Amino acid sequence: MTQSKTDEVRVQVRIAARPETVFSFFTDPAKMVRWKGRSAQLDPRPGGDYRIDVNGRDIMAGKYVEITPYSRIVYTFGWDTPGNPITPGSTTVEVTLARDGDGTVVTLTHRGLPAAAREQHAMGWQHYLGRLVKAGAGIDPGPDPFADPKATMGH
């Protein structure tokens, strides 16, 4: 996993699965919750809603902006959680999938985050993409510690 130190958060991982398989983990709610969240409501088309209940308290929410099957997903992002300054639609996440032999390189770039929130979100994306590496390759990543209602997402 890598992370850049610019005005954005960028995390890159390699998954031992084809882009078609990895793509489904961003668009199919049942596959999404294998690596992120307790429940997911996804409408993967431009303008469609993206809503993930992480732990019964913290809700990731936004709208899909662009869907290019098996290679690119762009959606707005924020927290539909009272008091969180990063509101739904206030930031943008871009995910690219690039075939790499028999695997896929996933690059996630989160733009528009306030400086004070970048480190926490970098940690969160590294955590979740680490879980996706396992889930995408057909390995159970185990219980997500962030899904515990007592967990804090750092906000």
- For region 44-62, enumerate the residues that are touching a residue at least 24 places away in the same chain (Cβ under 8 Å) and either hydroxyl-bearing (S, T, Y) or surrounded by fewer than 18 Cβ atoms within 10 Å (Cβ to Cβ) (or both). Y50, G56, R57
- Please specify each residue of region 21-73 satisfying the condition of being touching a helix residue (DSSP H, G or I) at 6+ places or on another chain (Cβ under 6 Å), over 16 Å from G136 (Cα atoms) and polar (S, T, N, Q). N55
- Query: Within region 1-119, which strands (runs of 3 or more DSSP E) (wholly inside it) include 1 or more residues that are over 25 Å from A147 (Cβ atoms) and out of contact with any Ser or Thr (no Cβ under 9 Å at 6 or more places or on another chain)?
  - Reply: 59-68, 91-100, 103-111
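Just so you know, all these numbers are worked out from the coordinates, no wet-lab data involved. Just so you know, these numbers come straight off a predicted model, no measurement behind them. We place every Cβ from the backbone using ideal geometry, glycine too, and count neighbours over all the protein chains shown.
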